[in-house]
Amino acid sequence: MLNNLFIEIIYLRIFKKILGMNNVNQRNFTLNMKVNVKPVFGSMVHTEAYEGPCRCGKMEELTPEAERLKNMKAFVKFQEDIKENISPEAKILKPVYIEYDESFIVKEEEFKKLEVDLNDVDLFLLSYRVPGIEFYKKPIAMIGKGVTNVDVAAYLRSRGIEGYAPLDYNELNELISLMQVRKAVRHTKILIATGGELIPFGVVSTIWDLEGLKTRYGIGYHRIHFSEIFKELEKVDQKEAEKIAEKIIRNAKKINIEENFIVNDVKFYLAVKNLMKKYGCNAFTFPCFEACSSRLPCKHRVVPCLTHTLLKDHGYPSSCEEDISILMAMIILMYLSKKSAFMGNPSFVNEKTIKIVHSVPGLKMNGFDQPDMPYELWHFTAGGWGTKVQVNLAANTEKTVTLARFNPTATEILVTRGKVVDCEFYEVGCSPGVYIEVDNAREIIHKQIDFGHHMAMVYGDYLQKIEKLSELMKFKVVKV
């Protein structure tokens, strides 16, 4: 109980300080998290000049003074190379020079140099061996051509410690990029709006073991009854909602809904954002079936569709129907791609085509730093209310997409690739419907019996990155 309370307090402090959700346009801070890299220069300085089976050369070059001078120069070069070549996704912590002699024992006072900012370290980047550094149980990487670095990596891995042997800075930066995604996942906390049930009616294939999800991936959560959102909605500032709605309306290519109904849905969005701030959350899911049955959406003339779109466009993964399985896939896809995601119900069209339908396309599906995709605003209900954003996802320049979903135990992810070939809108209900050309539609649908019925979608091919990420995060990739 105390541990859970402590974790809850830490989440709240971190998110309220960094998330800054008073600004409704604030992007999810996890997208820009840095991987803290601690450069460690391992320097072996022998106590005297001598030759043997492990060293040879001129005696004047083998003295302790000559070796130390040579190593200090190499330490400067090590730092320069890192600054010049390392990914902007990395934050370089203060480099440390660690010296030891041919006893191969690093003295305690040398190790203390590492402990100044140890809690901040995500990755030790070694220049050479540092015997005993495995004591800290931190991920360790060493760039090399495959001799010492693979030896050290194998040693670490055999002891359950992350060891990496990149051949060059390109491979190191790819590792850092994947570690950035993992770190962002660990700093994700879901606001789960629920009707009180453990498993929602609409998606019984959702991830149900939330404590297990936290243990496995570090993802936190806070559950509220969906009625709390509607109570919060009544506190939302009308003028603020109108201002945001005005911008959304102004940029739309077509409007097929009354403007006052758009304001209603913006108020719902602001209510959700307020509660996310209150509980220190940066992801969201809503129980469509349970909430609909309460008549509260009907009373307030709102649907959650616009909220999901707006949240995702600011980097906050947000899923329909209290589906944590799809939310987990969306988290991975959005953090990897730095793009907004679409999600929906896949259905079999023919052997080479599936169709995905839902009302939650993102406008930032080409990237959070790219212009909005062209969109229209339509109504969800036959009564004319309930804002849904309509994007012609087949008109985009990029056609390749990656689709994914986690299984209910959060141990496997189903991944497939395809090409968007068509898109259609529907006047009432979920829309758009996106037609995707795939290698084997029948196999995809059959595979879903182990995963469930929603799939998340982003533009681009991210299969390889997901496979590499799975090695860091310890989940299995099932490819179709």
Kindly indicate whether any position in segment 152-165 is part of a strand (DSSP E or B) and either over 30 Å from CYS292 (Cα atoms) or in contact (Cβ under 8 Å) with a residue 60 or more places away in the chain (or both). yes
Considering every residue within segment 356-365, establish whether at least one is farther than 20 Å from ASP265 by Cβ, hydroxyl-bearing (Ser, Thr, Tyr) and in the same structural domain as HIS454 (by TED's automatic domain parsing). no
Tell me, which residue of segment 447-466 that is of a type outside the set (A, V, I, L, M, F, W, C) and outside any loop (DSSP other than H, G, I, E, B) is nearest to THR409 (Cα to Cα)? ASP450
Please state which one of GLY367, GLY384 is under 25 Å from the mean Cα position of the chain (by Cα), more than 24 Å from SER347 (Cα to Cα), surrounded by fewer than 23 Cβ atoms within 10 Å (Cβ to Cβ) and among the small types (Gly, Ala, Ser). GLY367
Go through (1) in contact (Cβ under 8 Å) with a residue 40 or more places away in the chain; (2) of a type in the set (Gly, Ala, Ser); (3) surrounded by 23 or more Cβ atoms within 10 Å (Cβ to Cβ) for GLY212 and report which single condition fails. (3)
Is it true that some residue in segment 98-117 is on the phi > 0 side of the Ramachandran plot, over 30 Å from the mean Cα position of the chain (by Cα), at pLDDT below 95 and not polar (S, T, N, Q)? no
Residues in segment 101-115 that are surrounded by fewer than 19 Cβ atoms within 10 Å (Cβ to Cβ), touching a strand residue (DSSP E or B) at 6+ places or on another chain (Cβ under 9 Å) and either of a type in the set (S, T, N, Q) or outside any loop (DSSP other than H, G, I, E, B) (or both) total 3
Residue satisfying condition, being of a type outside the set (A, V, I, L, M, F, W, C) and surrounded by 17 or more Cβ atoms within 10 Å (Cβ to Cβ), within set GLY42, GLY52: GLY42
Note on segment 168-192: residues assigned to a helix (DSSP H, G or I) and farther than 19 Å from THR215 by Cα are TYR169, ASN170, GLU171, LEU172, ASN173, GLU174, LEU175, ILE176, SER177, LEU178
Would you pick out the residues in segment 444-473 that are touching a residue at least 60 places away in the same chain (Cβ under 8 Å) and hydrophobic (A, V, I, L, M, F, W, C)? ILE444, ILE445, PHE451, MET455, ALA456, MET457, VAL458, LEU463, ILE466, LEU469, LEU472, MET473
Of all residues being among the aliphatic types (A, V, I, L, M) and in a loop (DSSP other than H, G, I, E, B) in segment 410-433, which is surrounded by the fewest Cβ atoms within 10 Å (Cβ to Cβ)? Just the residue, please. VAL428
Could you list all residues from segment 162-178 that are closer than 22 Å to ILE332 by Cα and of a type in the set (Gly, Ala, Ser)? SER177
Test THR387 against the stated conditions and say whether it is under 28 Å from LYS299 (Cα atoms), in the same structural domain as ILE332 (by TED's automatic domain parsing) and in contact with a His (Cβ under 9 Å, 6 or more places away or on another chain). yes
From the list VAL203, VAL121, VAL150, which residue is closer than 21 Å to LYS34 by Cα, under 29 Å from the mean Cα position of the chain (by Cα) and surrounded by 13 or more Cβ atoms within 10 Å (Cβ to Cβ)? VAL121
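Each row is one residue, and each column tells you yes or no for (1) surrounded by fewer than 19 Cβ atoms within 10 Å (Cβ to Cβ); (2) more than 25 Å from the chain's Cα centre (by Cα).
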site	(1), (2)
ILE161	yes, no
TYR164	no, no
LEU167	yes, yes
ARG186	yes, no
LEU191	no, no
GLY196	yes, yes
Please verify whether THR285 is in contact with a Ser or Thr (Cβ under 6 Å, 6 or more places away or on another chain) and of a type outside the set (Gly, Ala, Ser), treating the condition exactly as stated. yes
Residues (without any contact (Cβ under 8 Å) to a residue 12 or more places away in the chain and closer than 17 Å to PRO95 by Cα) located in segment 28-56: none
Within segment 456-469, can one find any residue that is among the polar types (S, T, N, Q) and surrounded by 14 or more Cβ atoms within 10 Å (Cβ to Cβ)? no
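The values are calculated or read from the model by the stated rules, or taken from the named source; none is laboratory data. Predicted model only: the values in this text are computed from it and were never measured. Here Cβ is always computed from backbone atoms with ideal geometry, including for glycine, and neighbour counts include all displayed protein chains.
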